[in-house]
Amino acid sequence: MSAFLQKRKAFLFNIYVIMKILKFGGTSVGSVQSIQTLLNILEGEIKNKQKPVVVLSAMSGVTNLLVAMAEGAAEGKDFTAQLAELEKRHFDVIKSLLDIQNQNPAFTRLKILFNQLEDLLQGILTLRELTPKTRDMVLSFGERCSTFMIGKIAAQRFPGAISVEATEFIKTDSSFGQAKVNMELTDLLVRGFYQENSSKLIFVTGFISANDAGQITTLGRGGSDYTAAILGAALNAEEIQIWTDVNGMMTADPRMVTKAFSLPELTYTEAMELSYFGAKVIYPPTMIPAFMKKFQS
Ligand code: ASP
Ligand code: MG
């Protein structure tokens, strides 16, 4: 009996460690076509009996648009046209990719989010003041909208797909704009959430987190990569894949150096150095959780 139990434990542990994290950046969620590609990639994984945890960014350009709206409102500028543009980008995706009977509940939820955003921007406009805390709250709408929307689209194809806001389990201090993660608490909460939902295909918002008081914080611009690494380290993932619009890590920025080429392999330290010295492909702190995990075990 005890031998059986031991075997079963080992088996469960194996399931636990073979999961992967797949992170899709703004361009990979930025259009109907790229969302279809993302779903095809996931289908490939699922056919291979994998159930990755998926981390998503805001649609491309959305975070910049949110920054512009918030900063503009603080200067007294009207944001109505930009808000309408934001809504349209999401609603167009829903119209193209959600079956007609599933569209209304999705529109309703997104409309609630956009109304909250509008209230917030109206507050900034009235007060002519934008604090770091309010700014994080405004920026959070990008990932919250994209992840909810793609979760719903994915659920049509993959039963059991759910979306969740990372504020539930990524806990930070109150350094708004570049919050510092409480790794110990976060690890525990991430594992707890995953254990309760391990039968599901989980879509998680990148970039956002929460402080002890439950207020939204962000991990710094480009921080969705970091979200993927935090989850990967907590769940002992065998792999963290960062899907983006360039082919791997390159020797230089291909927009500036035409002869730049993809590097087939890098050590953690080399990747860390490249990102700290400016390679935009990975958000610098991303390597740390993965690196720590690798050398702890
Ligand atoms: N949406 C956020 C940004 O644009 C985070 C990310 O995409 O990684 O900075
Ligand atoms: Mg990025």
Over what distance in Å are the Cα centres of region 224-297 and region 25-57 separated? 19
If one compares the long axis through the Cα atoms of helix 287-296 with the longest principal axis of the Cα atoms of the chain, the angle in degrees, nearest 10, works out at 20
So how tilted is helix 224-234 from the main axis of the chain? Cα-based, degrees 0 to 90, rounded to 10. 30
At 222 nm, what helix-only mean residue ellipticity would the chain give, in deg cm²/dmol to the nearest 500, using -39500 (n - 2.57) for each DSSP H run of four or more? -18000 deg cm²/dmol
At most 15 other Cβ within 10 Å, DSSP loop - GluC sites (Glu not before Pro), region 16-115: 75
Rounding to the nearest 10 and keeping the result within 0 to 90°, find how far the Cα-based axis of helix 32-47 lies from the longest principal axis of the chain. 20
Options 267, 235, 292, ranked by Cα towards positive dipole end of the chain, top entry (Cβ charges): 235
What are the GluC sites (Glu not before Pro) within region 218-284 that DSSP puts in a loop, where the Cβ has at most 13 other Cβ atoms within 10 Å? 238, 265
For each of 131, 217, count neighbouring Cβ atoms within 10 Å of the residue's Cβ, then give the residues from fewest to most. 131, 217
How much of the DSSP bridge set in the chain is antiparallel, in percent, rounded to the nearest 5? 25
Report ³J(HN,Hα) in whole Hz for each residue of region 165-182, in order, from the Karplus equation J = 6.51 cos²θ - 1.76 cosθ + 1.60 where θ = phi - 60°; Gly and Pro get x. 8, 5, 4, 5, 9, 9, 10, 9, 7, 9, 7, 4, x, 7, 6, 9, 7, 7
Which lysines, if any, have their Cα less than 28 Å from the Cα of residue 259, not counting same-chain residues under 8 positions apart? 23, 280
Under Karplus coefficients 6.51, -1.76 and 1.60, residue-wise ³J(HN,Hα) of region 52-61 in Hz, glycine/proline x: x, 8, 10, 10, 10, 8, 6, 4, 4, x
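Could you pull out the trypsin sites (Lys or Arg not before Pro) across region 30-96 that fall in loop regions by DSSP (anything but H, G, I, E, B) with no more than 14 other Cβ atoms inside 10 Å?
49, 77
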Sequence gap at least 6, Cα distance under 8 Å: using those rules, report the relative contact order of region 158-207 to the nearest whole percent. 54
Amide H neighbours of residue 51 at under 5 Å, excluding residues fewer than 5 places away on the same chain, with H built from the backbone geometry, are 20
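Values quoted throughout were computed directly from the atomic coordinates according to the rules given, and no laboratory measurement underlies them. Owing to the predicted nature of the structure, the values given are computational and were not obtained by experimental measurement. Here the Cβ is made from the backbone with ideal geometry for all residues, glycine too, and neighbour counts use every protein chain on show.
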